Every structure is written in C-alpha cells, then in structure tokens.
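Chemist: Below are the structure tokens for one structure; questions will follow.
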There are 2 protein chains.
Amino acid sequence: MLDVRLIGTGGMTPLPRRFLASAIVRYKGVSVLIDCGEGTQISLKMPGEPALPLRSRTGEASHCVNNLKMLGWGFKEISTILITHLHADHIAGLPGMLLNIGNSGRREPLLLYGPEELWRVVEGVRAIAPHLPYQLEWRELSSGDQVDLEGMDVSCLSVEHSLPCLAYCLHVPRSRRFNPERASELGIPVALWGRLQSGETVELDGVRISPEAVLGPERRGIKLCYATDTRPTSGLPDFVREADLLICEGMYGSPEDLPKAEGNGHMLFSEAAEIARAGEVRELWLTHYSPSLSDPEEWLPEATRIFPNTRAGYDRMTGSLSFREE
Amino acid sequence: MLDVRLIGTGGMTPLPRRFLASAIVRYKGVSVLIDCGEGTQISLKMPGEPALPLRSRTGEASHCVNNLKMLGWGFKEISTILITHLHADHIAGLPGMLLNIGNSGRREPLLLYGPEELWRVVEGVRAIAPHLPYQLEWRELSSGDQVDLEGMDVSCLSVEHSLPCLAYCLHVPRSRRFNPERASELGIPVALWGRLQSGETVELDGVRISPEAVLGPERRGIKLCYATDTRPTSGLPDFVREADLLICEGMYGSPEDLPKAEGNGHMLFSEAAEIARAGEVRELWLTHYSPSLSDPEEWLPEATRIFPNTRAGYDRMTGSLSFREE
C-alpha cells in the first residue's frame with residue numbers, strides 16, 4: 001500500500017491555512033517528498049485534524065482521509081526529494097527541511113532530484129544550511145529519465161512552464177502471481193518456488209525451468225503522478241495514463257482566468273480534468289491553487305463535469321493506494 | 001509611538017503553534033524585521049487572534065496586546081532586515097520573505113544587515129530567489145557599528161554564541177522641548193522658531209541665537225533591544241541600559257538545563273532576567289524557547305523572582321512603546 005498526503009495546496013505564496021504545494025508519498029517505510037516550498041516542514045508537523053468531511057461531489061470515498069495513520073510519518077524516513085522546478089515557492093523550504101531531517105536522526109544519504117540548474121539551488125541551500133549530518137546527493141534529471149528508488153521507480157516528463165519543469169510518475173511494480181498448482185504439476189520442490197517467484201530460472205535434474213512456466217501474466221502496479229506547474233501539454237495524457245491517482249495543478253477555477261493561466265504557465269480546473277480524462281486515470285486531486293481562489297470547492301464542477309472523480313485537494317488531505325484486485 | 005510584535009518565539013525548529021523567533025518593529029510607517037527563519041512570512045500573515053489574556057504574573061498591562069492595530073502591517077513597508085546570526089533558524093525564511101515583499105509592491109531598496117559572512121547568505125538567497133523587483137542592499141556589521149534608519153538609529157553588540165552573533169538596539173531619539181515663552185522674551189519672530197526647534201542656529205539683527213537658548217534639556221527617546229542567541233555577556237547590561245523593552249532569549253526555563261545552555265550558547269530565563277535587572281530596563285519579554293519547553297509560563301517565576309516585569313513572549317504578542325512623560 002502506498003500512502004500519499006498533500007502537505008500544502010497553495011501556489012505562489014503560503015496562506016495561513018493553505019501552505020505551499022507539496023506532497024509526500026510513503027511506501028514500505030520510505031518517504032519521497034515532492035517539492036519543498038517555505039513552510040513545508042511546518043505543515044508536515046501539523047497535528048492531524050479530525051478527518052474532514054470529503055465535500056467531493058462524486059460521493060466516492062475510496063481513498064478516505066485517515067490522519068491517525070499518518071501521525072507516524074517522520075522526517076528521518078525521507079530518503080528522496082523530487083523538485084518539479086526551481087521557483088522559490090517550490091524550493092525555499094529546502095534548507096529548513098534538510099536540517100530538520102538531520103535533526104531527526106537521518107545519517108543515510110538523501111537524494112535530491114530536479115531539473116537542469118539544480119546545482120544552483122544546491123549551492124544556495126548549502127550557504128544557508130552548511131552542516132548536514134548526512135550526505136546530500138543530487139542529480140539533474142531530463143525528460144524521460146528514470147530513477148529506481150527502493151521498491152518504487154520514478155519517471156519524469158518535461159512540461160510547459162516559465163522555466164524548465166518536470167512532472168513525475170511514481171510506480172510501484174507488482175510481481176506476477178505464482179501458480180502453485182502448476183509448480184506441483186511440474187514436480188518442482190517447494191524449496192525452489194521462492195527463486196522462481198522472484199523471476200529466477202532454476203535447474204531441476206538437469207532441466208532448466210523458467211519462471212514463465214509458473215508465473216501468471218504481468219500485473220498492474222500502483223501509479224501515482226504529480227504535475228505542477230504547467231500548461232496542459234500533448235505528452236501529459238500518455239505520461240499519466242491509467243494512473244491510480246493524478247495530483248495536478250489547478251491554479252484557477254473560473255474559465256475567465258484562462259488568459260492568466262496561459263500567460264503564466266498554469267491550468268484551469270477544467271484543463272486538469274481534460275488531462276485526467278484523456279489519460280484515463282482513476283482519480284484526480286487538484287492542488288496548487290492561486291491565492292485569489294478562496295474556495296476551490298466552488299469551482300469543482302468545472303472539473304467534475306469533465307472528469308467526475310475529481311477532488312479539490314486541501315492541506316493534509318491523505319489517501320492510500322493499493323494494488324487493484326484483478 | 002513605536003510598535004513591536006513578536007512574529008515567532010521558537011528556537012531551532014518551528015512548531016505548529018510556535019514559529020521561529022523573529023520580531024518586527026514599526027515606527028512612522030517604516031518596518032524593521034529582526035531575523036527571518038522559515039515561516040516568518042507565514043506567521044506574519046496569520047490573522048490576529050482576539051487579544052489573549054496576558055498571563056504575566058506581574059499584573060502590569062502597560063503594553064497591551066492589540067491585534068486589530070496590527071492588521072495593517074504590510075510587507076511592502078519592510079525597509080530593513082536585521083539578522084542576528086547566520087544559523088538557518090534565523091535566516092532560512094529570507095528568500096520567501098524577500099519575494100513576498102516584492103509581490104507586495106515594494107520597489108524602493110531594502111537593506112539587509114547582519115554579522116560577518118552575511119555575503120554567503122546573500123548569495124544563497126539569490127540562488128533561490130534570483131529575481132527581486134527592488135534593490136537588495138546589504139552590509140556586514142561589527143560590534144559597535146551604528147546605522148541610521150529613517151527616524152531610528154540601530155546599534156549592535158557582539159554577543160556570545162557558537163558563531164558570530166549580534167544583539168541590536170533600536171533607538172528613537174526625542175527632540176528637546178521648545179520653550180515659546182523664552183523665545184518671546186528674546187524677541188525671536190515666530191517664523192524662526194521652527195529652525196531653532198530643529199537645532200539650527202539663527203541670526204536676528206546681526207546677533208546669532210543658538211538653539212540652546214530656547215530648547216529644554218535632552219529628553220529620553222524610545223529604546224528597544226533584542227538579544228538572541230547568546231550566553232549572558234559582560235557587555236549586555238550596558239548595551240541594553242534603561243531600555244523600554246528588552247526582548248531576550250530564554251532558551252530554557254529549568255535551572256537544570258544550565259549545562260545545555262552553556263554548551264550551546266543559550267540562556268536560562270533567570271539569566272535573561274539578570275541582564276534585565278543589571279541593565280535597569282523597563283520590561284523584559286522572553287523569546288526563542290527550546291522546542292522541549294512546552295509551556296514557558298510554567299518557568300516564568302524563574303525570571304520574575306529576579307526581574308518582576310518579565311513576560312513570557314508568545315507568537316504575535318504585540319506592544320507599543322511611547323515617549324515617557326518627563
């Protein structure tokens with residue numbers, strides 16, 4: 001099960017009850033942070049509210065809010081930070097966050113990924129937070145790059161903003177089902193099953209047995225995508241295709257704000273919904289709202305009329321994604 | 001009247017209801033920010049709570065909390081930022097703050113002052129927030145330096161922390177009282193009074209008249225001092241002497257934490273109170289609490305037994321300092 005929490009859902013400037021857009025994903029005790037604007041470490045520490053009523057108009061509550069489960073999310077477990085782009089509202093919280101991760105006891109290396117010119121930010125961060133008790137490793141990614149984390153793989157796509165910006169997909173692969181009946185039929189001793197199950201070819205009485213013989217078809221893993229800040233691009237629907245969850249920016253609700261969205265490289269709710277529909281994702285969460293948008297729920301119908309399973313994200317909204325029954 | 005607000009009162013790491021130690025001072029529409037840890041811009045935006053009951057054990061309420069008055073404090077008016085030292089919990093909020101000041105419409109230069117090596121921080125800030133719509137001027141200060149701001153002068157003193165650190169005093173001078181009776185006796189026409197009042201020597205029928213002839217004695221101005229992070233030093237009582245308000249760190253309340261305070265360059269409540277007493281200040285506000293100190297009020301008697309007019313500062317605590325009647 002992969003857990004995801006929106007840490008903040010604000011664009012440009014933090015508001016008292018809407019921190020800057022950032023999300024954290026946890027899988028098997030390893031946490032991946034996406035973006036780190038000022039206040040991210042503060043919002044992450046906020047005590048969980050009692051579960052808020054989901055005011056989604058879809059009525060679906062499959063990924064219900066469960067703050068209790070999240071209380072154990074620590075800083076120390078953050079092993080990776082993915083940066084979408086180098087605007088301050090997505091990076092200015094890095095020095096404090098990195099220090100706090102150190103104060104929480106992390107001594108293992110931490111990986112920082114982001115678009116070209118990330119080195120400048122690393123230098124800036126090091127000027128403000130020169131002493132970290134762990135190694136800060138960093139790498140600039142280009143569109144199409146893929147990175148293997150523990151149990152997850154991360155891919156990225158260039159999107160269209162006022163400076164280089166990456167959308168990310170996190171994917172948890174699922175192993176193929178092992179067929180014990182078939183293995184018994186083939187007379188394979190149970191001692192060898194584990195190796196076959198993990199994809200290894202084994203030898204039995206001089207005969208090579210491939211895992212293909214005892215494994216079912218490929219199975220869908222868990223796919224979570226995160227896209228902000230960007231205009232809709234032609235590549236996005238394919239990039240997010242069949243994701244279990246797409247977290248996508250919705251800077252503006254009103255269609256009247258289209259010129260603004262076009263001018264500053266952002267999206268309307270309806271444009272995010274179009275991507276979700278075209279990409280056939282399972283669920284869409286909106287985030288990265290303009291400070292001028294006081295109640296995102298008000299404009300939610302702009303998205304749900306195109307893609308019904310859309311939710312207006314809010315700070316500390318949390319969900320869990322599981323492998324689907326097949 | 002000089003207004004002062006504690007933006008945050010936390011040391012080391014921001015807590016959900018205790019942001020990092022920072023203060024803002026306003027005089028005649030010009031604001032001076034002291035320190036800028038992560039979240040300072042967020043805390044500054046927080047809506048004013050209804051005036052909290054002052055739980056001070058002194059019973060005095062001369063500088064009462066008035067949040068309404070503070071609602072008009074904007075970012076644009078911040079003309080100067082004073083940095084005590086270069087630890088991240090005092091500077092990591094600079095990129096976001098400087099951007100926000102720009103977004104608020106400031107186009108006049110902004111002055112950043114701090115101790116030696118400030119240039120490194122300026123470089124770091126510029127890496128994270130490269131585009132500001134105003135000029136960022138900066139200057140490294142040494143102990144004893146004095147800076148004239150509009151209507152205020154600022155002096156600084158080296159204090160004792162794990163790296164170079166400055167305490168600041170802000171002083172609003174008060175003009176001497178003009179004696180109109182004396183001016184009439186001397187036959188000085190009213191047209192010349194203004195020049196004499198502002199300290200100029202005037203000439204009347206070939207006779208030079210010095211302002212001394214018509215001005216009363218020197219008058220006490222308003223003095224506000226801010227000292228964190230530091231151990232008590234021998235120079236502090238003189239530096240803060242007769243201040244109307246000393247805002248001083250109190251990292252720990254319990255006397256048992258003295259070894260920790262000595263080890264990491266901080267103070268106990270009682271040590272801050274000793275400085276206030278020795279310096280004969282009018283009032284002491286404690287700030288910069290250790291995250292381990294959950295209720296500073298609990299330890300307030302440690303300070304009030306030494307200096308009764310001590311208050312345990314809290315986030316957004318606000319006061320006003322006026323010229324005293326003489």
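Chemist: Against the conditions (1) part of a strand (DSSP E or B); (2) surrounded by fewer than 19 Cβ atoms within 10 Å (Cβ to Cβ); (3) among the hydroxyl-bearing types (Ser, Thr, Tyr), where does A:Tyr168 fall short? Just the number, please.
Modeler: (2)
Chemist: Looking only at residues that are within 14 Å of chain B (Cβ to nearest Cβ) and in a loop (DSSP other than H, G, I, E, B) in region A:41-68, which one is modelled with the lowest pLDDT?
Modeler: Restricting to residues being within 14 Å of chain B (Cβ to nearest Cβ) and in a loop (DSSP other than H, G, I, E, B), the top hit is A:Glu49.
Chemist: Starting from residues that are assigned to a loop (DSSP other than H, G, I, E, B) and modelled with pLDDT under 95, keep the ones in region B:145-160 and report whichever is nearest to B:Met1 (Cα to Cα).
Modeler: Only one residue fits best here, namely B:Gly151.
Chemist: Of all the residues that make up region A:26-35, how many are at pLDDT below 95 and of a type outside the set (Lys, Arg)?
Modeler: Of the residues in that region, 4 qualify.
Chemist: Can you confirm whether A:His171 is under 23 Å from A:Phe239 (Cα atoms), touching a His at 6+ places or on another chain (Cβ under 8 Å) and in the same structural domain as A:Leu82 (by TED's automatic domain parsing)?
Modeler: In short, no.
Chemist: Does any residue in region B:248-277 that is assigned by TED's automatic domain parsing to the domain that holds B:Gly235 and without any contact (Cβ under 8 Å) to a residue 60 or more places away in the chain come within less than 6 Å, Cβ to Cβ, of a residue that is among the charged types (D, E, K, R) and not in a helix (DSSP H, G or I) six or more places away or on a different chain, and which pairs are these?
Modeler: Listed by first residue and then by second, the contacts come to B:Met267/B:Glu249.
Chemist: Report, by residue number, each residue of region B:79-96 that is within 12 Å of chain A (Cβ to nearest Cβ) and of a type in the set (A, V, I, L, M, F, W, C).
Modeler: Those that are within 12 Å of chain A (Cβ to nearest Cβ) and of a type in the set (A, V, I, L, M, F, W, C): B:Ile83, B:Leu86, B:Ala88, B:Ile91, B:Ala92, B:Leu94.
Chemist: Shifting gears a bit: Select from region B:288-322 the residues that are more than 16 Å from the chain's Cα centre (by Cα), part of a loop (DSSP other than H, G, I, E, B) and not acidic (Asp, Glu) and list them in ascending order.
Modeler: Matches in region B:288-322: B:Ser290, B:Pro291, B:Ser292, B:Leu293, B:Ser294, B:Arg305, B:Ile306, B:Phe307, B:Pro308, B:Asn309.
Chemist: Identify all residues within region A:260-280 that are assigned to a helix (DSSP H, G or I), under 21 Å from A:Pro164 (Cα atoms) and not acidic (Asp, Glu); write none if there are none.
Modeler: Answer for region A:260-280, where residues must be assigned to a helix (DSSP H, G or I), under 21 Å from A:Pro164 (Cα atoms) and not acidic (Asp, Glu): A:Lys260, A:Ala261, A:Gly263, A:Asn264, A:Ala272, A:Ile275.
Chemist: Provide a single number: the residues in region B:1-40 that are part of a strand (DSSP E or B) and within 14 Å of another protein chain (Cβ to nearest Cβ).
Modeler: 7
Chemist: Looking only at region B:11-32, decide whether some residue is in the same structural domain as B:Cys248 (by TED's automatic domain parsing), buried (at least 24 other Cβ atoms within 10 Å of the Cβ), β-branched (Val, Ile, Thr) and more than 28 Å from B:Arg324 (Cα to Cα).
Modeler: Checked against the condition, which is being in the same structural domain as B:Cys248 (by TED's automatic domain parsing), buried (at least 24 other Cβ atoms within 10 Å of the Cβ), β-branched (Val, Ile, Thr) and more than 28 Å from B:Arg324 (Cα to Cα), region B:11-32 yields no hits at all.
Chemist: Determine if region A:225-245 includes at least one residue that is surrounded by 22 or more Cβ atoms within 10 Å (Cβ to Cβ) and in contact with a Lys or Arg (Cβ under 6 Å, 6 or more places away or on another chain).
Modeler: Taking every residue of region A:225-245 in turn, at least one turns out to be surrounded by 22 or more Cβ atoms within 10 Å (Cβ to Cβ) and in contact with a Lys or Arg (Cβ under 6 Å, 6 or more places away or on another chain).
Chemist: Only one of these is farther than 28 Å from A:Ser290 by Cβ and in the same structural domain as A:Arg26 (by TED's automatic domain parsing): A:Gly199, A:Gly235, A:Gly206, A:Gly221. Name it.
Modeler: A:Gly221
Chemist: From the list A:Cys169, A:Cys165, A:Cys156, exactly one residue is away from every other protein chain (no Cβ under 14 Å), among the hydrophobic types (A, V, I, L, M, F, W, C) and out of contact with any Phe, Trp or Tyr (no Cβ under 9 Å at 6 or more places or on another chain). Which is it?
Modeler: A:Cys165
Chemist: Search region B:303-325 for residues being free of Cβ contacts under 8 Å to residues at least 60 places away in the same chain and surrounded by fewer than 22 Cβ atoms within 10 Å (Cβ to Cβ), and hand back the single one that is nearest to B:Pro237 (Cα to Cα).
Modeler: If we take residues in region B:303-325 being free of Cβ contacts under 8 Å to residues at least 60 places away in the same chain and surrounded by fewer than 22 Cβ atoms within 10 Å (Cβ to Cβ), then B:Ile306 is nearest to B:Pro237 (Cα to Cα).
Chemist: Right, here's the next one. Considering region A:99-112 alone, what residues qualify as being at pLDDT 95 or above and either of a type in the set (A, V, I, L, M, F, W, C) or not assigned by TED's automatic domain parsing to the domain that holds A:Cys169 (or both)?
Modeler: Once the filter is applied, which keeps residues that are at pLDDT 95 or above and either of a type in the set (A, V, I, L, M, F, W, C) or not assigned by TED's automatic domain parsing to the domain that holds A:Cys169 (or both), region A:99-112 yields A:Leu110, A:Leu111, A:Leu112.
Chemist: Exactly one of (1) assigned to a strand (DSSP E or B); (2) at pLDDT 95 or above is unmet by A:His85. Its number?
Modeler: Tallying (1) assigned to a strand (DSSP E or B); (2) at pLDDT 95 or above, A:His85 fails exactly one: (1).
Chemist: Run B:Gly194 past the list (1) within 24 Å of B:Gly29 (Cα to Cα); (2) assigned to a strand (DSSP E or B) and report the number of the one that doesn't hold.
Modeler: (2)
Chemist: Among the numbered conditions (1) modelled with pLDDT of 90 or more; (2) in a strand (DSSP E or B), tell me where A:Glu203 comes up short.
Modeler: (1)
Chemist: Among the residues of region A:130-149, what is the count of those that are of a type in the set (Asp, Glu), surrounded by fewer than 14 Cβ atoms within 10 Å (Cβ to Cβ) and more than 29 Å from B:Thr13 (Cα to Cα)?
Modeler: 1
Chemist: Okay, next question. Does any residue of region A:215-228 turn out to be assigned to a helix (DSSP H, G or I) and of a type in the set (A, V, I, L, M)?
Modeler: no
Chemist: Among the residues of region B:233-254, which ones are over 27 Å from B:Thr318 (Cβ atoms) and either in contact with a helix residue (DSSP H, G or I) (Cβ under 7 Å, 6 or more places away or on another chain) or part of a loop (DSSP other than H, G, I, E, B) (or both)?
Modeler: The answer is B:Thr233, B:Ser234, B:Gly235, B:Ser254.
Chemist: Then there is this: Taking the residues in region B:99-129 that are part of a helix (DSSP H, G or I), aliphatic (A, V, I, L, M) and at the interface with chain A (Cβ under 9 Å from one of its Cβ atoms) as candidates, determine which candidate is nearest to A:Pro14 (Cα to Cα).
Modeler: B:Leu99
The values are calculated or read from the model by the stated rules, or taken from the named source; none is laboratory data. All values reported here derive from a predicted model rather than from experimental measurement. Because the Cβ atoms are built from the backbone with ideal geometry, glycine has one as well, and the counts that use them run over all protein chains shown.
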